[in-house]
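This report refers to the structure that appears directly beneath it.
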Amino acid sequence: MSSTEHDNIGRFAAESGFIGVMMNYRLAPAVTHPSGAEDVGRAVAFLAGRIADYGGAPRQIVLMGHSAGAAHVATFLATPTLRNATTGVVGAILSSGIFDPGDLAPGAFASYYGADRRQRTNASSIEGLLESGVPLLVSIAEFDPPELHDQTVRLLAAAVQATGEFPATLYGVGHDHFSMIAQIGTDEHTIGDGIVDFITAITQFHECAPASACLG
């Protein structure tokens, strides 16, 4: 993505009472899996060490990724050596991502995940993501490509099987891969309200842990 492509997300976060920090990541073919997740880890480490200087809470970091960004956030959370190298992540929003690339046609993804199917299968983030225990908000657009619908269903089905609970989800009726994100912060509030509700709920939970900390 460009440096300004998702500026609406940062503005939306600020207007909603949060601190929004935008990041980028290295791109294939110059780098390969899991470089994107490593870049997420560097960003989290920076926030954990510096966000308090800007009035933020270093132990209440919520990650959000769309498309390839969602894949990188998922891989970061799914990889213990990356996830455990830093602290403060209490939730993640995964929008229209790739979580299990093994069965995808290698063409568009070979430069990052590798041309070998076993390589791509080993890059699946689903099991590790669920084992992380990090609360998730999973979103998908009505007119996202079918392979992204399949990826989302795989993640949700695995979550139900592993936990017996259906994760928080958002479904962008009438939206495609691009408008799903572009409409956040506009007069259309459905997706934005869901994001705010999720962030508010999980940050308040961690703010009140142990629960007695919030009792009057």
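The values are calculated or read from the model by the stated rules, or taken from the named source; none is laboratory data. Keep in mind that what you see is a predicted model, and the values were worked out from it rather than measured. Cβ atoms come from the backbone with ideal geometry, glycine included; neighbour counts cover every protein chain shown.
Values for this structure:
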| quantity | calculated |
| --- | --- |
| Count - residues of region 151-181 that are closer than 24 Å to residue 75 by Cα, without any contact (Cβ under 8 Å) to a residue 60 or more places away in the chain and not in a strand (DSSP E or B) | 17 |
| Residue 184 of a type in the set (A, V, I, L, M, F, W, C), at pLDDT 95 or above, part of a loop (DSSP other than H, G, I, E, B) and touching a Phe, Trp or Tyr at 6+ places or on another chain (Cβ under 7 Å) | yes |
| Criterion violated by residue 201 - all others in (1) surrounded by fewer than 15 Cβ atoms within 10 Å (Cβ to Cβ); (2) more than 25 Å from residue 11 (Cα to Cα); (3) at pLDDT 95 or above satisfied | (2) |
| Residues of region 10-20 that turn out to be within 17 Å of the chain's Cα centre (by Cα) and surrounded by fewer than 16 Cβ atoms within 10 Å (Cβ to Cβ), as a count | 1 |
| Criterion: touching a Leu at 6+ places or on another chain (Cβ under 7 Å) and aromatic (Phe, Trp, Tyr) - qualifying residue of 143, 99 | 99 |
| Pairs with Cβ under 6 Å, 6+ apart, first in region 42-55 and farther than 15 Å from residue 82 by Cα, second at pLDDT 95 or above and assigned to a loop (DSSP other than H, G, I, E, B) | 51/58; 52/58 |
| Residues (hydrophobic (A, V, I, L, M, F, W, C), in contact with a helix residue (DSSP H, G or I) (Cβ under 6 Å, 6 or more places away or on another chain) and over 16 Å from residue 199 (Cβ atoms)) located in region 57-76 | 74, 76 |
| Some residue of region 24-37 being part of a helix (DSSP H, G or I) and either farther than 27 Å from residue 185 by Cα or of a type outside the set (A, V, I, L, M) (or both) | yes |
| Helices (runs of 4 or more DSSP H) wholly inside region 54-150 containing at least 1 residues that are under 9 Å from the mean Cα position of the chain (by Cα) and of a type outside the set (A, V, I, L, M) | 68-78 |
| Qualifying residue in region 123-139 (condition: modelled with pLDDT of 95 or more and over 30 Å from residue 57 (Cβ atoms)) | yes |
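So that you can scan it fast, the table gives a plain yes or no per residue for (1) touching a helix residue (DSSP H, G or I) at 6+ places or on another chain (Cβ under 8 Å); (2) not polar (S, T, N, Q):
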residue	(1), (2)
120	yes, yes
131	yes, yes
135	yes, yes
139	yes, no
145	no, yes
159	yes, yes
164	no, yes
